[in-house]
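Here the structure comes first, spelled out in structure tokens, and everything after it is commentary.
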Amino acid sequence: MSGLLCLCRQGFEPELAGELSERAAYAGIAGYARTQRNDGYVLFATDEGAALSKALPWRSLIFARQKLVVLAELRELDPSDRITPIIAALQGQQRFGDMWVEHPDSDEGKPLAGLARAFGNALRPALRKAGLLTDKANTALPRVHVVFVDGRHAFVCVSDTRDSAPWALGIPRLKLLPDAPSRSALKLDEALLTLLTPEEREQLVKPGMRAADLGAAPGGWTWVLTRQHVKVISVDNGPLREHVLETGLVEHLRADGFHWQPETPLDWMVCDMVEQPRRVAERMATWFREGWCKHAIFNLKLPMKKRWDETRLCLDLFQEQAGKPLVVRAKQLYHDREEITVLASPLR
């Protein structure tokens with residue numbers, strides 16, 4: 001079989017299935033989404049897996065943490081010899097530059113972590129002996145993935161290292177530092193890693209830039225920006241942590257972040273306010289239409305039902321009202337919950 005295997009947050013399989021189905025239809029590629037709620041993954045079955053992968057770049061997918069092209073689906077694997085059928089499935093493929101053994105990040109998938117580690121240690125030398133894997137990691141070559149969904153059921157997949165998550169399971173392993181004002185700091189850290197390429201981060205986040213953090217208290221996102229030596233206007237009626245203010249890079253304005261506007265244009269605006277997603281999308285569009293910022297990262301808190309429909313509506317609304325051409329990238333990050341994180345920028 002062929003197809004696209006995408007990992008996602010547990011419980012968001014319907015949203016990912018809806019996204020893949022709609023985008024595939026728009027690209028003119030026939031197929032169907034196969035999933036069950038809480039599996040932590042969606043298989044989009046199609047005879048054109050490679051073509052669909054090219055049509056749906058990883059950074060453009062909102063609910064997919066990882067995107068892989070399926071080479072084979074192996075059921076009823078013999079626990080005493082899982083390696084032989086995997087090598088058989090890879091015959092005729094070019095040499096791979098790396099190999100990952102993974103599992104969904106779900107209640108049923110997490111117990112497979114031990115199997116994934118142990119099996120990876122056994123599979124790696126076997127692939128090298130078969131001439132299917134380089135001796136050293138080579139990011140210029142495709143990566144082979146084995147994704148276990150249970151001990152006897154696995155997908156053998158391939159990814160382009162330039163068009164897939166650079167972290168196993170699509171999850172960046174970020175550490176919450178002791179002086180972080182809140183766990184929400186991890187969301188902005190992950191957004192900068194995921195929504196921007198390394199070259200874009202170097203170009204767009206520079207010391208001395210000016211930013212606004214709307215709804216800043218207690219200061220998690222402001223703190224992340226100050227670590228990049230960005231000067232921040234933190235807008236919130238609530239208090240900020242004292243050590244954030246002591247950086248000398250922060251001006252705290254006690255005001256309603258939803259209605260405040262800057263006196264002069266800023267480089268960045270970030271926003272993690274709890275508000276209806278359409279209201280947030282409209283307010284973020286106003287910032288761009290009025291020229292108050294060049295770039296923005298903001299969160300949209302999603303409803304419990306029809307989350308894909310609401311996501312599409314909000315992003316369309318934002319782009320229609322922004323009044324200028326923008327690159328818009330959205331992702332449900334690992335550190336997000338019932339929300340997505342959006343980057344908007346004029347970068348091309």
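The values are calculated or read from the model by the stated rules, or taken from the named source; none is laboratory data. This structure is a prediction, so every number in the text was calculated from the model and none was measured. FYI the Cβ positions are ideal-geometry reconstructions off the backbone, even for glycines, and counts take in every protein chain you see. In case anyone asks, the SASA skips ligands and DNA or RNA and just uses the protein heavy atoms, side chains included. Shrake-Rupley method; radii C 1.70, N 1.55, O 1.52, S 1.80 Å.
Some notes on this structure:
- Spin-label pair K305/Q91, simplified geometry with 7 Å Cα→Cβ offset, distance in nm: 5.2
- Fraction of accessible area attributable to carbon and sulfur, segment 80-133 (%, probe 1.4 Å): 48
- Taking a Cβ cut-off of under 9 Å around W167, the surrounding Lys, Arg, Asp and Glu residues balance to a net charge of +2, with basic ones at +1 and acidic ones at -1.
- For the set K67/K175; K231/K306; K187/K294; K175/K294; K306/K331, the pairs lying more than 27 angstrom apart at their alpha carbons are K231/K306; K175/K294.
- Relative to the current alpha-carbon distance between R278 and W167, full extension at 0.36 nm per residue lengthens the span by 36.8 nm.
- Value of [θ]222 nm, deg cm²/dmol, for the chain, DSSP H segments ≥ 4, -39500 (n - 2.57) each, nearest 500: -9000 deg cm²/dmol
- Count Lys and Arg as plus one, Asp and Glu as minus one, and take only other residues whose Cβ is under 15 Å from that of A285; the net charge is then +1.
- DSSP-defined beta bridges in the chain - what % are antiparallel, rounded to 5: 60
- Hull volume per residue, based on the alpha-carbon atoms of the chain and their convex hull, is 141 Å³.
- Relative contact order (%) - criterion: Cα under 8 Å, at least six apart; region: the chain: 14
- Annotation for segment 214-232 versus segment 77-139: alpha-carbon center distance of 41 Å.
- Segments 238-245, 165-172 sorted - mean Cβ within 10 Å per residue, highest first: 165-172, 238-245
- Counting charges near T134 (Lys, Arg +1; Asp, Glu -1) among other residues having Cβ under 15 Å from its Cβ returns a value of +4.
- Normalising the Debye intensity of segment 67-125 to I(0), with uniform scatterers on Cα atoms only, and taking log10 at q = 0.20 Å⁻¹ returns -0.94.
- Anisotropy class of segment 25-69 from Cα gyration tensor, a/c 1.5 cut: oblate
- Using a cutoff of 8 angstrom between alpha carbon atoms and counting only pairs six or more residues apart, the relative contact order for segment 104-204 works out to 20 percent.
- List V327, V156, ordered by accessible area with a 1.4 Å probe, largest first: V327, V156
- Values of log10 I(q)/I(0), in the order q = 0.16, 0.22 Å⁻¹, for segment 60-169 under a Debye, Cα-only, solvent-free model: -0.69, -1.33
- Helix 185-195 axis versus longest C-alpha principal axis of the chain: approximately 60°, rounded to the nearest ten.
- Rounded Å value of the spacing that divides the Cα centres of segment 325-343 and segment 17-60: 19
- Taken over the Cα atoms of segment 158-305, the convex hull encloses 137 Å³ per residue.
- Nearest-ten-degree value, helix 13-26 long axis tilted from longest Cα axis of the chain: 80
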